[in-house]
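Asker: Structure incoming, see below.
The values are calculated or read from the model by the stated rules, or taken from the named source; none is laboratory data. Quick caveat: nothing in here was measured; it's all calculated off a predicted structure. Cβ placement follows ideal geometry from the backbone for every residue including glycine, while neighbour counts extend to all protein chains displayed. Just the protein is used for accessible areas: all its heavy atoms, side chains included, with ligands, DNA and RNA removed. Shrake-Rupley method; radii C 1.70, N 1.55, O 1.52, S 1.80 Å.
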Amino acid sequence: MKSLIVTLIIGNIFFFFINTEKEILPVPSKTPGKAQLKQIDRKYGMFIHFGINTFHDMEWTDGSKPASSYTPATIDAEQWIKTANDAGMKYVILVTKHHDGFCLWDSQFTAYDVANSRNTTNVVEAVAKACKKYNIGLGLYYSLWDRNRNSDVENTELDSAYNSYMIKQLDELMDITQEYTDIVEFWFDGGWVKKNNQWPIKEIYQTIKSREPECQIGVNWSIGLPGDPDHHPVLPKDQKEGYPIRYFPSDFRLGDPYLPVNNDPKIFTHIGEEYYMPWESTVCISRRWFYNTTDTVFKPIDELVELYKVATAQDNILILNCPPNREGQIRDKDIEILSELRKRLKINLQQ
């Protein structure tokens, strides 16, 4: 009996150390880390909003639109990525699941996905393949808020099951992409619908960093106010050095569609520690995030040139949104504007 107790104690101690060693935490720093410097160097990328909203002329749907209403004629992922490459962009961020909860891959954890639609193409895989072909970095957007799976955000008793669901889906996404390319960025959205401590950002961070150590992680509306870390929104013009991080120390700040201000602060705090966090601007090339039949007004080239200069100054990053249409292709007007913009900015194409 005594030897059994000793064995159990030793086993528990071993288990404790193994799990402690596996814990991956952000490193406090007042300067950018190696992976952050790579993100800063990428500087310019494309946001790809595509999903069930594309087929309803809506920016946000509520998770009740049937999967069968997702009806792209094709998924020309190669055209998307070639367009980004030809524009001089270094990476793309694909919306894999928006607030509606519809998944652009065949998820074993939900029926609300492409596998139950009229076009079963695994869009995540198709984009990952194209990124490998064109040597473009792959970023993935994933909405924390899911109006199909977790619509009752007031009921905290549902959090545990839903949080587990998210972690499983993030592993699925990494399982799909790992054959083709690394993920350079995860872009999380929708956190404002719950108190910040209800989201498992630390577990999400662990899940991603254990498999993609250099992947940069950001959560939309990243910064709070002193004395009120969960305050939303705190605009870039109101952010000051030392303000609290709302969730958990991530790698960069977000707050679409705003641009950074002059003297953009970079040092923010969490539980008494300081962390360096650059700003990533996400802006539409036209007026809407998702393709919409009424979205026909595009930003002028002069405005985009100035926007690029402001967004990429001070070691920050610009992501320009170019939504594929219902035929599964980037619009001709987007391609025309991006080509002219690259020439005006004198961006050399990747070799």
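Asker: Express the carbon and sulfur contribution to the solvent-accessible surface of the chain as a percent, rounded to the nearest whole number, probe 1.4 angstrom.
Answerer: 51 percent
Asker: While we're on this one: Per residue, how much accessible surface does the range 35-167 expose to a 1.4 Å probe? Answer in Å², no decimals.
Answerer: 36 Å²
Asker: Please list the equivalent ellipsoid semi-axes of the range 211-323, computed as the square roots of five times the alpha-carbon gyration tensor eigenvalues, in descending order and whole angstrom.
Answerer: After diagonalising the Cα gyration tensor, the semi-axes are 27, 15, 14 Å.
Asker: Evaluate the range 276-351: find the radius of gyration of its Cα atoms, find its Kirkwood radius, and give the ratio Rg to Rh.
Answerer: Taking Rh as the inverse mean 1/r over Cα pairs, Rg/Rh reads 0.99.
Asker: Given a Förster distance of 35 angstrom, what is the FRET efficiency for residue 179 paired with residue 230, based on the Cβ-Cβ distance and rounded to 0.05?
Answerer: Working from the Cβ atoms, E equals 0.35.
Asker: Still on this model: Top to bottom by accessible area (1.4 Å), largest first, where do 153, 310 land?
Answerer: Final ranking, largest accessible area leading: 310, 153.
Asker: Given that compact globular proteins tend to follow 2.2 N^0.38 Å, what is the ratio of the alpha-carbon Rg of the range 254-298 to that value?
Answerer: For the range 254-298, the normalised Cα radius of gyration comes out at 1.69.
Asker: Here is a follow-up. Taking all pairs of different Cα atoms in the range 167-237, averaging 1/r and flipping that mean, what Kirkwood radius in angstroms comes out?
Answerer: When all Cα pairs of the range 167-237 are included, the Kirkwood radius is 13.6 Å.
Asker: Strictly greater than 20 Å: what percent of every Cα pair in the range 32-97 meets that?
Answerer: Summing the P(r) tail past 20 Å for the range 32-97 gives 46 percent.
Asker: In nm, give the distance between the simple-model label positions of residue 73 and residue 30, each being 7 Å from the Cα along the Cα-to-Cβ direction.
Answerer: 5.8 nm
Asker: Still on this model: Heads up, I need the accessible area for residue 261: 1.4 angstrom probe, whole protein in place, Å², nearest 10.
Answerer: 50 Å²
Asker: Moving to a separate point now. Can you send over the solvent-accessible area of residue 133, 1.4 Å probe, protein chains only, in Å² to the nearest 10?
Answerer: Ignoring ligands and nucleic acids, residue 133 comes out at about 130 Å².
Asker: Moving on to the next point. Which lysines does residue 240 reach when only Cα atoms under 16 Å apart count, and residues fewer than 8 places away in its own chain are ignored?
Answerer: Straight-distance partners of residue 240: 30, 266.
Asker: Divide the volume of the convex hull of the Cα atoms of the chain by its number of residues and quote the answer in cubic angstrom per residue.
Answerer: Per-residue hull volume (Cα only) is 157 Å³.
Asker: Given Cβ point charges of +1 (Lys, Arg) and -1 (Asp, Glu) and nothing else, what value in debye, to the nearest 20, does the dipole of the chain about its Cα centre take?
Answerer: I would put it at about 660 debye.
Asker: Could you calculate the contour length gain from residue 237 to residue 303, that is, 0.36 nm times the residue separation minus the distance between their Cα atoms, to one decimal place in nm?
Answerer: Here the segment from residue 237 to residue 303 would lengthen by 21.8 nm.
Asker: Let me ask you something else. Determine how large the accessible area of residue 238 is when every protein chain is in place; take a 1.4 Å probe and give Å² rounded to the nearest 10.
Answerer: The value for residue 238 is about 60 Å².
Asker: Once Lys and Arg get +1 and Asp and Glu get -1 on their Cβ, which of 52, 68, 81 lies farthest toward the positive end of the dipole of the range 39-81?
Answerer: 81
Asker: Would you look at the GNM of the chain, springs on alpha carbons closer than 10 Å, and say which of 325, 292, 197 moves the most?
Answerer: Between 325, 292, 197, it is 197 that shows the largest mean-square fluctuation.
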